[in-house]
Amino acid sequence: MMSKNDNTKPPLLSRRDALKIIGATGATAVIAQAVTAGPLSSGAIEGLERETHHASSDHEWHMVIDLAQCIGCQYCIWACQATNDVPEDNMRWNIGFPERTEDGTDFYMTRPCLHCQEAPCTKVCPVGATWVREDGIVAMDYDRCIGCRYCEVACPYDVRRFNWGSIETENSYQPTWGVAEVERRERGVAEKCTFCVHRIDRGMAEGLTPGVDPQATPACVNICPVNARVFGNIKDPESPVSKYLAEHETFRLREDFGTEPKVHYVRPERKEA
């Protein structure tokens, strides 16, 4: 996702220029001064025009993960890595692990980016490389990212990953679990789940409905063999996610943080012997 600069404002410092400053000086103070007083100041970033395609306030994309239905097959993880071209397991955008409740119920926990409405990661980024779109998706501009990792530290859900090196190996999850639909990121940027925003934007442009039409729906939702993931526009009462939320009791992770995440969970139920 690329951003467009307002031609009436001074050009923002590019990622390459910022990295040159950091590499040449090795001093935090230098880049900090550029961020707070120069073209990367809060005023400049607030005036940044962004290309958000078909994002609008008429849509707000949410996901439900039903932990009672999930069987821990990890198909969602593998489809994510294939579709978003994440070849290495330590870079996973969709995190999964076995877990157990206090009453002894075993379940499989999965955690994508929660796309918080009050996202801490967007508030600490010094160059405006991550922001909340009108439709609620927390977006990334990899060309703008300078690799400071502030977003990674600020995220309370540990769902951002840093690309430490150029990955040139083949993706072992392709083509079995999908083919790459987005470009692989360059070394030195923070990465994360995007709700397969490329599918959403393309689908909306083609008149498709995310959460209903597979071509416009996140890969992790499509691949689930037990329909444990549900996606859609929460502002549409007839959407799959709205209906699911109306019919099930759900919770969101650490709501006390005030982040307003857009991923909801159905609690796992203890299975009677």
Q) Sequence-distant or interchain residues sharing an amide H contact under 5 Å with His264, placed H: which? A) Met63, Val64, Ile65
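Pull out a ≥ b ≥ c, the square roots of the eigenvalues of the alpha-carbon gyration tensor of region 59-273, then state rounded if a/c is under 1.5, prolate if not and a/b is larger than b/c, and oblate in the remaining case.
Numbers: a/c = 1.33, a/b = 1.30, b/c = 1.02.
Because its axes are fairly even, with a/c under 1.5, region 59-273 counts as rounded.
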Q: Please give the length that would be gained between Thr209 and Tyr108 if that part of the chain were fully extended, namely 0.36 nm times their separation in residues minus their C-alpha to C-alpha distance (nm, one decimal).
A: 33.5 nm
(Q) I need the shape label for region 213-273. Rule: rounded when a/c is under 1.5, else prolate if a/b > b/c, else oblate, with a, b, c from the alpha carbon gyration tensor. (A) oblate
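Suppose R0 equals 41 Å. What FRET efficiency, 1/(1 + (r/R0)^6) with r the Cβ-Cβ distance, do Lys243 and Ala154 give to the nearest 0.05? Intermediate results must be reported in sequence, preceding the final value.
Working: r = 34 Å, r/R0 = 0.82.
Efficiency, rounded to the nearest 0.05: 0.75.
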Q.
Test of understanding: extend the Cα→C-beta vector of Asp236 to 7 Å, then name every residue of region 169-204 with backbone N under 19 Å from that spot.
A. 195-204
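Bear in mind that the values in this text are calculations on the coordinates, not laboratory data. Bear in mind the structure is a predicted one, so any value in this text is a computation, not a measurement. Cβ coordinates were reconstructed from backbone atoms using ideal geometry, including for glycine residues, and neighbour counts include every protein chain displayed.
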